[in-house]
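**Q** One structure coming up, written as structure tokens, with questions to follow.
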Amino acid sequence: MNKMYGLCVRAARQTARSKSFKLLQRRGFRLSSCDSTLEKPQFPGASAEFVDSLEFIEPNVISGIPVYRVMDRQGNIINPSQDPGLPKETVLTFYQKMTLLNTMDRILYESQRQGRISFYMTNYGEEGTHIGSAAALDPSDIVFGQYREAGVLMYRGFPLDSFMAQCYANADDLGKGRQMPVHYGSKELNFVTISSPLATQIPQAAGAAYAVKRENADRAVICYFGEGAASEGDAHAGFNFSATLECPIIFFCRNNGYAISTPTNEQYRGDGIAARGPGYGMLSIRVDGNDVFAVYNATKEARRRAVAENQPFLIEAMTYRIGHHSTSDDSSAYRSVDEVNYWDKQDHPISRLRHYMATRGWWSEDDERSWRKQSRKTVMEAFEKAEKRLKPNLELLFTDVYHEMTPQLDKQKAALWRHVQQYKEHYPVDLYEK
């Protein structure tokens, strides 16, 4: 019996060795003696050559990635071949959307300071990244924002009334008053509702892009985030999934210099975010985020190739956050006034585009005064309307989770109304829709 067992074991081992040898042959391996200098690495995890010298790769092996731009700071086209050649009407739309966003920011920021809304985040200095990228997309493309992309939604047609309704959480709010201010969303405009936890939208966007690929639809996904969010583990997961699954997605990083109060020199040691793309197998580019045409060109080409080739792209838009991180922040505690003034006065995306238009005779001082007055009036009308509107019906606290109300929710609702009636002097229910 022992002898037969030994024969069986030897036969099994020989069969296994034979199968392994055939598998190696199928994979292209060559098990033969040859000159060691001609050997090629066969490791499945990387493409490389053998070397016989001990040398660690320096962290700046991909260093000094250039910044692509179309206009200089005075609005002059540097290389005529890179001019997108947009018609006057389109350029005027760019400018008007950028300045309208700026006006809305100023009014809502002051509104929060006066205690009229609970929270706000401005987009000062980053308007070019919003409008340039949004204009290069197709309306069917899916947008995943972080919390500083209001201009993207505005360019897509989200009305001022809806911005105001969301910030005031009134009865016209698409989110039914359930989100904190600036957490916009629009199913109609393919803009996924913003959530506060940092970087959660990145793997979600990767999943959406994979679904788009499976549908074989002529559309892409764009995912916005800041350089601070790129330090989150979710960024790694999203990048890696998108590359390995070959998804039609554009990762758009707004590198604005600060992750709340953390400057970039404390955020990472490598050459920004674009340098990470090759490590994931992604095509990457760094652009001047204050140059709306550079952002437009890069996003348009990335979108075209992402759809045509089913692969992810990484765009790092270099810009500057002129405003505080939010109304909960005081940026004077960690940066100088002179630093902020430089970007506000010397290198602002709005002034750069205005120089471009003025050079061509498309915009004058009279046009500027007239538009600023008109845009402020439009924003104030929406603001006043939102402030007067009632809050959403309290019953909405219990809807949109289950198709039918559960017995537990019914009990909670009844308990709420008993409590409100008992202490009605503390609950102004007349301010809510019936």
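**Q** Counting only heavy atoms of protein chains, what accessible area per residue, in Å², does the range 62-106 have with a probe of 1.4 Å?
**A** For the range 62-106, the solvent-accessible area averages 49 Å² per residue.
**Q** Then there is this: For the range 241-314, what size does the Cα cloud have along each of its three principal axes, sorted from largest down, in whole Å?
**A** 39, 29, 18
**Q** Take every Cα-Cα pair in the chain and report what % of them are more than 37 Å apart.
**A** 38 percent
**Q** Keeping all protein chains in place and using 1.4 angstrom, which order do H324, H236, H419, H183 fall into by accessible surface area, from largest down?
**A** Sorted by accessible area, descending: H236, H419, H324, H183.
**Q** Say the cut-off is 29 Å between C-alpha atoms; which of K187/K300; K176/K213; K97/K345; K300/K377; K388/K411; K40/K213 go over it?
**A** In this structure, K176/K213; K300/K377; K388/K411; K40/K213 exceed 29 Å between Cα atoms.
**Q** Once the mean 1/r over all distinct Cα pairs of the range 145-210 is inverted, what Kirkwood radius in angstroms do you read off?
**A** For the range 145-210, the Kirkwood estimate is 12.3 Å.
**Q** Can you tell me the order of 242-252, 166-176 when each peptide is scored by its average per-residue count of other Cβ atoms within 10 angstrom, highest first?
**A** Result, highest mean Cβ count within 10 Å first: 242-252, 166-176.
**Q** If you take the Cα atoms of the range 161-291, find Rg, then find the Kirkwood Rh from the mean of 1/r over all pairs, what is Rg/Rh?
**A** So for the range 161-291, dividing Rg by the Kirkwood Rh gives 1.00.
**Q** When the expected Rg is taken as 2.2 N^0.38 Å, what fraction or multiple of it is the alpha-carbon Rg of the range 391-434?
**A** Compactness ratio reported: 1.23.
**Q** Sequence-distant or interchain residues sharing an amide H contact under 5 Å with G226, placed H: which?
**A** Under 5 Å from the amide H of G226: R254.
**Q** Go through the range 361-423 and name the chymotrypsin sites (Phe, Trp or Tyr not before Pro) that are in a DSSP coil and have 14 or fewer other Cβ atoms within 10 Å of their Cβ.
**A** Y402, Y423
**Q** May I pose another question? Run the helix sum for the chain: -39,500 (n - 2.57) per DSSP H stretch of 4+ residues, divided by residue count, reported at 222 nm to the nearest 500 deg cm²/dmol.
**A** -14000 deg cm²/dmol
**Q** Then there's this: Considering only protein heavy atoms and a probe of 1.4 Å, how much of the accessible area of the chain is carbon and sulfur, as a whole percent?
**A** The C+S portion of the solvent-accessible surface of the chain is 52 percent.
**Q** Tell me, what is the per residue accessible area of the range 176-244 in Å², probe radius 1.4 Å?
**A** Here the per-residue accessible area is 44 Å².
**Q** Give the accessible surface of the range 323-372 per residue, rounded to a whole number of Å², with probe radius 1.4 Å and ligands, DNA and RNA excluded.
**A** 55 Å²
**Q** Quick one: 3J(HN,Hα) in Hz for the range 268-283, Karplus 6.51/-1.76/1.60 with θ = phi - 60°, rounded, Gly and Pro as x.
**A** The phi angles translate into 7, 10, x, 8, x, 9, 4, 5, 7, x, x, x, 9, x, 10, 6 Hz.
The values are calculated or read from the model by the stated rules, or taken from the named source; none is laboratory data. Quick caveat, the model's predicted, so the values are computed rather than measured. Cβ sites come from the backbone with ideal geometry, for glycine too, and all protein chains shown count toward neighbours. Please note that ligands, DNA and RNA were not included when accessible areas were found on the heavy atoms of the full protein model with its side chains. Shrake-Rupley method; radii C 1.70, N 1.55, O 1.52, S 1.80 Å.
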